[in-house]
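The values are calculated or read from the model by the stated rules, or taken from the named source; none is laboratory data. Quick caveat, the model's predicted, so the values are computed rather than measured. Because the Cβ atoms are built from the backbone with ideal geometry, glycine has one as well, and the counts that use them run over all protein chains shown.
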Amino acid sequence: MSGIVAIFETCGGEAEAGAVEQMARAMEYRGLDGMSCWTQGPVALGHCATYSTAEEREAIQPHASEDGRVRLVLDGYLTNIDALRRELRDRKIVLRNSSDAEIVLRAWELWGRDCPQRLEGEYAFILWDGRSGELFCARDHQGLRPLLYHFDGRRLLLGTDAVAILAALPHRPAPNAGFLTEVLTFQWYSRDETVWSGIMRLPQAHSLQASGSGLRIGQYWQLDTSRRLTYAREDDYAEHYRELLAEAVRSCARTDRPLAVEASGGLDSTALFCMAHRLQDSGTLPAPEVRGYTMAGPPGTPADEIEYVHAVVEELGVPVAEHPYFLPDLEWFAANARQSCDLPLPPNGAISLTEERAIAADGCRACMNGLGGDQWLDGSAYYYLEFLRAGDWRKLARTVRGDIAARGWHWTARALTHFGVSPMLSPGLRSAARRIKALVPHRARPSQALELTAPAAAELRDRRQRYLDSLPSDRQARLKLEKLAHPYWSSMYDMNSRQAALNGLSQRHPMLSRPYIEFMAAVPEHLLLRRGVRKCLHRDALAGILPEKVRLRTSEGTTDQVFHRLSEPMIAQLRSPEGQSLARLIVPQELERTIGEYCSAAIDNRSLLALWPIYVIFTILGISGGASFFQEGDNGQ
């Protein structure tokens, strides 16, 4: 993945060429194919190039219009590039080369600030229009390519990673205590904040306009949660899905080197690997070759899925390279945080580093994965709400009988109430039902939540309320929007991008493409979840494409047990004198309580998630210089 940076002096003055070069050098790991910068008057742009397509090499960035008054830096690629080329040529617009950067520049000249609505893919770009004195930038619909910014009222800094922004600031800002509280409690409410106060994240599907009058940020695309697909036959949904998945894989596969595909043995990534081979056999894959890779979990553990990978190898008659988990010691994660000046990779994210390094060593630059499948394919019991709204009593009765047979009376009654009847009630009736439920005695469960200091707890409550207020009242619509834009994804996708860049790779996400998401959000829920079996539409559509051993599997690989070896050194560090810094957020005795509960639990019931967020905050405080928390204005802005 490439990297982009910019400086814009909004009140006039000269942008410093040395400063933008320093920002770009801070991300040299994103510039395997070189770095270049351009400065003129109040603006400076920089590009760190790591090419994964032939088209990218046709436009050295910053890319310029013929008169040099429009300049662009782009990280990413377009999935609808063929359609855009046709439309631009139909409008008699001359394309000087076939690069994605040229398409984006021409799209700006034609559609202006509306151009991101027309661009599909995985991208972030910064564009300077010297004719209007405006700087414009945007991120893709899912936020798969990062873009951060810092604005002090006069100077705007933009960059792919936090290290680029920090390189241009005279002093390291204070840590963003409110955001760290979210991370600490694993309650994510902020899409636009980062570890550092004042360094903001441009949210997914948003654009930013900057001029002498300041900044304006707006959303250019929203998911239509009310859209419903209605076909006469269930087979029609499967046929549509199969065609859609094939197109998603094709449009994400464009590369001039071998295309790497992660094939874990699970339903999602394995389907992409099989579909890529199907396209290659038909001569429609825009890549010279498909290569499969997998991580081999420790044999005999729940992480061991290699039998399913071997089923793929046998079915397709092609090899899949096996690589062991990357299992670093605890210091590696602290070093990762120091290097990135950001949240360290979680252990279940770091395990793929050996595989990614092997992919890069094999000459690949593009790596396709199955992220998005768990969000969009799983389905939910909101099929009860859909049946009730449609008055489809026959399907409702049939589904109730099926759920009782598969999951029992208790689960079915609760699901029918929560996912069906309750959302149909008026807000007043729902409120009354909650009051009645509160009067019913129930067995209390011990709270496992960390007890925060009073300021931290108050901040977290405020953030939670603001987040809930931003969501629609319709529960099913809320679920769909959280699948698309839960705040956790914002940080996770940025971390994934950074990891891929460190290994010289460009990630590709067919199951997070805009057409895929729009289709899955409109599919009836009962086609996805049936009698407790998830991803039913995916399974049905890929009959004859996925090996049956994989298509019919209901187990899932888990990695929790792999990471218990980190707990002992982690606990030692949290109990060290440096661990006292956590008292700014956590009531002191809470740390010992949490450690004690983890240590006393049976090994199979331990989850490193109980300790990992605390350790993350410990590492961030260690690189922040000990700034104080919850001062006036310390809310990330």
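Let me confirm something: among A177, A138, which residue is over 30 Å from I623 (Cβ atoms) and either out of contact with any Ser or Thr (no Cβ under 8 Å at 6 or more places or on another chain) or buried (at least 16 other Cβ atoms within 10 Å of the Cβ) (or both)? Lay out the reasoning, then the answer.
On the way: A177 fails: over 30 Å from I623 (Cβ atoms).
Among A177, A138, only A138 is over 30 Å from I623 (Cβ atoms) and either out of contact with any Ser or Thr (no Cβ under 8 Å at 6 or more places or on another chain) or buried (at least 16 other Cβ atoms within 10 Å of the Cβ) (or both).
Within region 132-185, the set of residues being under 18 Å from the mean Cα position of the chain (by Cα) and charged (D, E, K, R) comprises R139, D140, R145, D161, E182. Taking region 380-411 as the range and being aliphatic (A, V, I, L, M) and over 16 Å from M424 (Cβ atoms) as the test, the residues that pass are A397, I404, A405, A406. Within region 33-50, the set of residues being surrounded by 18 or more Cβ atoms within 10 Å (Cβ to Cβ) and more than 23 Å from the chain's Cα centre (by Cα) comprises M35, C37, W38, T39, P42, V43, A44, L45, G46. Selection within region 51-68: residues that are in contact with a strand residue (DSSP E or B) (Cβ under 7 Å, 6 or more places away or on another chain) and farther than 14 Å from L158 by Cβ. The member of this set that is surrounded by the fewest Cβ atoms within 10 Å (Cβ to Cβ) is I60. When L608 is tested against (1) closer than 30 Å to K395 by Cβ; (2) crowded, with 20+ Cβ neighbours inside 10 Å, just one condition goes unmet, and that condition is (1).
Among the residues of region 176-219, those that are in contact (Cβ under 8 Å) with a residue 40 or more places away in the chain, assigned to a strand (DSSP E or B) and closer than 15 Å to F136 by Cβ comprise H206, S207, L208, Q209, A210, S211, G214, L215. Here A296 fulfils each of the conditions (1) in contact with a strand residue (DSSP E or B) (Cβ under 8 Å, 6 or more places away or on another chain); (2) surrounded by 22 or more Cβ atoms within 10 Å (Cβ to Cβ); (3) of a type in the set (G, A, S) apart from (2).
Being surrounded by 20 or more Cβ atoms within 10 Å (Cβ to Cβ), among the charged types (D, E, K, R) and under 26 Å from the mean Cα position of the chain (by Cα) narrows it down to one residue among D268, D329, D304; which is it?
Details: D329 fails: surrounded by 20 or more Cβ atoms within 10 Å (Cβ to Cβ); D304 fails: surrounded by 20 or more Cβ atoms within 10 Å (Cβ to Cβ).
Answer to the selection: D268.
When residues in region 233-269 are screened for being touching a strand residue (DSSP E or B) at 6+ places or on another chain (Cβ under 8 Å) and charged (D, E, K, R), 3 of them pass. Name the residues in region 186-215 that are farther than 12 Å from Y488 by Cα and either of a type in the set (S, T, Y) or out of contact with any Ser or Thr (no Cβ under 9 Å at 6 or more places or on another chain) (or both), would you? Selection gives S197, G198, I199, L202, A205, H206, S207, L208, Q209, S211, S213. Inspect all residues belonging to region 337-360 and state whether any of them is modelled with pLDDT of 95 or more and more than 24 Å from the chain's Cα centre (by Cα). No.
I'd like the full set of residues that are among the charged types (D, E, K, R), in a loop (DSSP other than H, G, I, E, B) and under 15 Å from D268 (Cβ atoms), limited to region 524-558. Before you say what the answer is, go through the steps one by one.
Our first condition is that a residue be among the charged types (D, E, K, R); within region 524-558, this holds for 525, 530-531, 534-535, 539-540, 548-549, 551, 553, 556.
Subsequent filtering for residues that are in a loop (DSSP other than H, G, I, E, B) retains 531, 534-535, 553, 556.
R534, K535, R553, E556 - these are the residues of region 524-558 that are among the charged types (D, E, K, R), in a loop (DSSP other than H, G, I, E, B) and under 15 Å from D268 (Cβ atoms).
Being among the hydrophobic types (A, V, I, L, M, F, W, C), closer than 27 Å to I217 by Cβ and not in a helix (DSSP H, G or I) is the filter here, so list the residues in region 62-118 that pass it. Within region 62-118, A64, V70, L72, V73, L74, L78 qualify. Report yes if some residue within region 538-545 is surrounded by 13 or more Cβ atoms within 10 Å (Cβ to Cβ), within 30 Å of A381 (Cβ to Cβ), out of contact with any helix residue (DSSP H, G or I) (no Cβ under 6 Å at 6 or more places or on another chain) and in the same structural domain as H277 (by TED's automatic domain parsing); otherwise report no. So far as region 538-545 goes, no, none of its residues is surrounded by 13 or more Cβ atoms within 10 Å (Cβ to Cβ), within 30 Å of A381 (Cβ to Cβ), out of contact with any helix residue (DSSP H, G or I) (no Cβ under 6 Å at 6 or more places or on another chain) and in the same structural domain as H277 (by TED's automatic domain parsing).
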